[in-house]
Amino acid sequence: MQLIIDTEHNLALWAADRYERLLAEVPEAVLGLATGSSPLRVYDELAARVAAGTMSFASARAFTLDEYVGLPAGHPGSYRRVIDEDFARRVDFADGAVQGPDGTASDLSEAAAEYERRIVSAGGIDLQILGIGTNGHIAFNEPGSSVHSRTRVEVLSEQTRTDNARFFGGDIDAVPTRCLTQGIGTILEAREIILLAIGANKASAVAAMVEGAPSERVPATALRSHPRVTVLADAAAAAALTPEARASARSADAVRA
Ligand code: F6R
């Protein structure tokens with residue numbers, strides 16, 4: 001697990017460079033997209049580079065991590081709508097190139113299995129971007145999720161619904177109780193993973209992920225078994241790491257191509 005600690009701005013530049021190199025080498029790369037606050041500066045930087053004509057997503061495809069169950073298409077809180085607004089429609093993906101799990105399906109188990117099949121038939125994910133929950137979740141794999149879990153229905157924890165109420169006008173009761181999420185086993189099959197952690201409320205989850213004993217109680221610790229993970233943390237999110245871990249980290253400048 002490579003650890004880079006820097007400002008949110010510099011971390012976004014580092015991540016955008018990584019996308020730029022990947023798409024230059026493999027224009028039809030398959031990307032894994034996270035919704036939420038953590039990747040927003042990366043998405044801004046990627047949109048700016050596409051607008052400047054220095055990179056293109058025209059041949060790429062993408063799969064989102066998760067979706068709430070029961071929100072109608074177009075609901076402002078639905079992750080499909082959020083990823084379109086935050087990223088997909090700001091770059092030059094071809095129509096239909098970005099897919100997400102169908103949280104409105106009448107048969108959710110079948111929708112989950114179908115989503116796994118779609119990822120496999122696309123050849124798997126080349127580069128997955130992740131955030132981390134304050135409780136250590138990745139995608140919506142809440143504490144207790146198996147490292148072997150696949151895309152499935154998951155019940156959202158009270159903590160996650162509280163954290164995400166900000167996307168529903170501050171009303172926790174408006175946050176759905178269930179979601180469809182890629183499993184940890186699904187995520188671990190991505191060939192490369194970048195996890196972004198921004199802000200003091202992520203500090204204890206980051207410390208547990210990087211230095212704690214691997215445990216299903218902290219789903220993000222599963223990433224320690226993956227051969228190609230880069231954790232990008234700002235100083236606030238890195239604050240609970242031991243001095244040794246912080247000393248082993250690099251700055252984004254030091255590793256930018
Ligand atoms: C989003 C997702 C979640 C978020 C996590 C952090 O698709 O799967 O795991 O990455 O909840 O959310 P933010 O970035 O909003 O703090």
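Each value in this text was obtained by applying a stated rule to the coordinates, not by laboratory testing. This one's a predicted model, so the numbers in the text were calculated from it and none came from an experiment. All Cβ positions, even for glycine, are placed from backbone atoms using ideal geometry, and neighbour counts span all protein chains on display.
See the values below:
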item: Any pair with Cβ under 7 angstrom, 6 or more apart, that starts in segment 58-86 at a residue that is without any contact (Cβ under 8 Å) to a residue 40 or more places away in the chain and ends at one that is of a type in the set (Phe, Trp, Tyr) and crowded, with 19+ Cβ neighbours inside 10 Å; result: Ala60/Phe93; Ala62/Phe93; Thr64/Tyr79; Ser78/Tyr68
item: Every pair of residues 6+ apart whose Cβ atoms lie under 6 Å, when the first sits in segment 28-56 and is in a loop (DSSP other than H, G, I, E, B) while the second is more than 8 Å from the ligand (Cβ to nearest atom) and of a type in the set (Lys, Arg); result: Met55/Arg49
item: Any chance Ala16 is within 13 Å of the ligand (Cβ to nearest atom) and touching a helix residue (DSSP H, G or I) at 6+ places or on another chain (Cβ under 9 Å); result: no
item: Any hit, segment 197-216, residues being in contact (Cβ under 8 Å) with a residue 60 or more places away in the chain and away from the ligand (no atom under 15 Å from the Cβ); result: yes
item: Candidate set: segment 195-254, residues that are among the basic types (Lys, Arg) and closer than 27 Å to Leu156 by Cα; chosen: the one surrounded by the most Cβ atoms within 10 Å (Cβ to Cβ); result: Lys202
item: Subset of segment 141-193 (residues that are part of a helix (DSSP H, G or I), more than 11 Å from the ligand (Cβ to nearest atom), surrounded by fewer than 16 Cβ atoms within 10 Å (Cβ to Cβ) and touching a residue at least 24 places away in the same chain (Cβ under 8 Å)); result: Ala174
item: Residue that is nearest to the ligand (Cβ to nearest atom), among those in segment 123-138 that are more than 18 Å from Glu216 (Cα to Cα) and crowded, with 21+ Cβ neighbours inside 10 Å; result: Ile129
item: Restricting segment 49-88 to residues that are in contact with a strand residue (DSSP E or B) (Cβ under 9 Å, 6 or more places away or on another chain) and away from the ligand (no atom under 16 Å from the Cβ), the residue that is nearest to Glu28 (Cα to Cα); result: Ala60
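Condition check ((1) in contact with a Phe, Trp or Tyr (Cβ under 6 Å, 6 or more places away or on another chain); (2) among the acidic types (Asp, Glu); (3) buried (at least 20 other Cβ atoms within 10 Å of the Cβ)) across all residues:
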site: Asn10; (1), (2), (3): no, no, no
site: Trp14; (1), (2), (3): no, no, yes
site: Glu20; (1), (2), (3): no, yes, no
site: Leu23; (1), (2), (3): no, no, yes
site: Glu28; (1), (2), (3): no, yes, no
site: Ser38; (1), (2), (3): no, no, yes
site: Val42; (1), (2), (3): no, no, yes
site: Ala47; (1), (2), (3): no, no, no
